[in-house]
Amino acid sequence: MRLTRRGIATLAAAAVLFGLGEAAGYPVFLGLAAVAAAAVLAAVAVTGRRPRVEVTRRVYPDRVERGRPALVELRVRNPNARRQAAFTATDRMGAVRLAVSVRSLAAGADVTYANEVPTERRGRHEVGPLTLNRTDALGLGQSGLSLSDTATLWVYPRVHPMRLSAAGLLRHHHEGTATESAPRGSLDLREVREYVVGDEVRHLHWKATARTGRLMIRDCADPNQPQFTALLDNRPEVGAFEPAVELAASLLVAAVNADHRTRLVTSSGADVTAAAGALSVRRLLDELCVLDRAKDTGLPLVHSALSRAKGGTLVAISSALSPADLAALASIRASYPDLVVISIGRPVEVPGAKVLRASDAPDAIRQWHTVIAR
């Protein structure tokens, strides 16, 4: 328990009034000093006992798109045999205070409160610690109890509905050839060849082995799958970074939902691959949630891993493309059948690539549906 500034000032005023009353012989000053001292003593009596309650906090949902509602749910229970006085529960999320006034609770009673949290800023935010404060009616004293546990709120970039154009070859073995990087072990028979050390014995072709007199193996592999790669520029000199992250999130989610082999690459070196499914969407959005501009300067736009990869669609998103960046994109044009460059705010030209110039993410998506996925 401690006195507030008002309580300290009231106690000091009581001492001054008492001194004046004794020195000048004015009973009214003595009466006022007694009233002020009594108010401070009453505040100490009211706030002397800290709140003795059980509090459970839950953030729902714990992952939300930017601008969508999210709530902090507090469940307060009084486990004592006597009534619990009212108090204030205060949470913090960065510089934002989330205060809830908890009413007086009877013995054994519990009540649930919900408080909306701000979700306008992308990122991973810590909610807490929770502080339980009790003050008197005049605000002269207060007591607090701090709970050390925290909760995490993931604020994702906003995801817009998009559709992608088809890229790569179909799944059926008669509609495309396999490559060395194609996944092995499927039921699509590519060829029957002679056994080499390291092949799985379960794939032996016994009829061909009996006919040729040599161990023959069934070589099963998938054809090329549709591949989608997003190159996001997060160098320090990038201006419109949030629209770029929003656009990358929309493209990646659409690619995963379309069963593309999806990959996110950034100029700072992040490299995340994902297959189809809800867990892959969460993995990509978690990465974009915490992604920030790189601190190092002089980074190239095109990551070295992109030069080694081949095939599928590559979408480069940036708002600060220099002549060197354009030359780097042109140099990897042969590795990607479909190269799309989305420049936010600046007109650029890349030989052999489709270029979209947009002012923000919704404008880029409109142009994508008009030019790329029409």
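What follows is calculated from the coordinates using simple rules that are stated; it is not laboratory data. Fair warning: this is a prediction, and the values are worked out from it, not measured in the lab. Glycine also receives a Cβ, built like all others from the backbone with ideal geometry; neighbour counts cover every protein chain displayed.
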Original post:
Relative contact order of the chain: what whole-number percent is it, with Cα pairs under 8 angstrom and at least 6 residues apart?
Top reply: 12
Subject >> Point-charge dipole on Cβ atoms (K/R +1, D/E -1) for region 6-92, about Cα centre, debye to 20 >> reply: 640
**OP:** Sort 81-91, 344-354 for me by packing, meaning the mean count of neighbouring Cβ atoms within 10 Å per residue, highest on top.
**Re:** 81-91, 344-354
Original post:
For LYS310, which aspartates and glutamates qualify as cross-link partners when the Cα separation must be under 16 Å and same-chain residues fewer than eight apart are set aside?
Top reply: GLU180, ASP271, ASP338
Original post:
How much length, in nm to one decimal, is gained on full extension between ASN80 and ALA270, taken as 0.36 nm per residue of separation minus their Cα-Cα distance?
Top reply: 63.2 nm
**OP:** Could you tell me which of ALA89, VAL72, GLY31 has its Cα farthest along the dipole of region 1-145 towards the positive end, charges placed at Cβ (Lys, Arg +1; Asp, Glu -1), taken about the Cα centre?
**Re:** VAL72
**OP:** For an R0 of 30 angstrom, estimate the FRET efficiency from the Cβ-Cβ distance between ARG58 and MET1 and round to the nearest 0.05.
**Re:** 0.50
**OP:** Could you grab the relative contact order for region 215-374? Cα pairs under 8 Å, six or more apart, rounded to a whole percent.
**Re:** 23
Subject >> Over region 194-298: Rg over Rh, Cα atoms, Kirkwood Rh >> reply: 1.29
Subject >> Per-residue HN-Hα couplings for region 193-203 [Karplus 6.51, -1.76, 1.60; θ = phi - 60°; Hz; x = Gly/Pro] >> reply: 9, 6, 5, 10, 4, x, 5, 6, 5, 5, 9
Original post:
Tell me, what does the Kirkwood hydrodynamic radius of region 214-267 come to in angstroms if you use every pair of distinct C-alpha atoms?
Top reply: 13.6
**OP:** Take the alpha-carbon centre of region 325-356, take the same for region 239-301, and report the distance between them in whole Å.
**Re:** 18
Original post:
Around GLY311, which amide H atoms from residues at least 5 apart in sequence, or from another chain, sit under 5 Å from its own amide H, with H modelled in the peptide plane?
Top reply: TYR336
**OP:** With both partners inside the chain, how many of the DSSP beta bridges are antiparallel, as a percent to the nearest 5?
**Re:** 65
**OP:** Go through VAL302, SER268, VAL290 and say which Cα lies farthest out towards the positive end of the charge dipole of region 264-319; charges sit on Cβ, +1 for Lys and Arg, -1 for Asp and Glu.
**Re:** VAL302
Original post:
Mean Kyte-Doolittle of at least -1.0 and a Cα length of 27 Å or more along the axis: which whole DSSP H helices of the chain meet both?
Top reply: 5-24, 27-47
Subject >> Share of alpha-carbon pairs per 5 Å distance bin for region 113-160, given as whole % >> reply: 5, 15, 17, 18, 15, 12, 9, 6, 3, 1, 0
**OP:** Would you mind checking which residues have amide H under 5 Å from LEU321's amide H? H placed 1.01 Å from N; only 5 or more apart, or other chain.
**Re:** none
**OP:** About the Cα centre of the chain, how large is the charge dipole given +1 on each Lys and Arg Cβ and -1 on each Asp and Glu Cβ? Please answer in debye to the nearest 20.
**Re:** 860
Original post:
Between HIS203 and ALA12, what length in nm is gained on full extension when 0.36 nm per residue of separation is reduced by their alpha carbon distance?
Top reply: 59.6 nm
**OP:** Write down, largest first, the equivalent ellipsoid semi-axes of region 72-160 in whole Å, where each equals the square root of 5 times an eigenvalue of the alpha-carbon gyration tensor.
**Re:** 29, 15, 11
Original post:
What is the set of long-range amide H partners of ARG92 at a cut-off below 5 Å, with H atoms built 1.01 Å from backbone N?
Top reply: LEU98, GLY128
**OP:** Determine the shape class of region 232-366: with a ≥ b ≥ c the square roots of the Cα gyration tensor eigenvalues, call it rounded for a/c under 1.5, and otherwise prolate if a/b is greater than b/c, oblate otherwise.
**Re:** rounded
Subject >> For region 108-141 versus region 6-29, the gap between their alpha-carbon centres in whole angstrom >> reply: 38
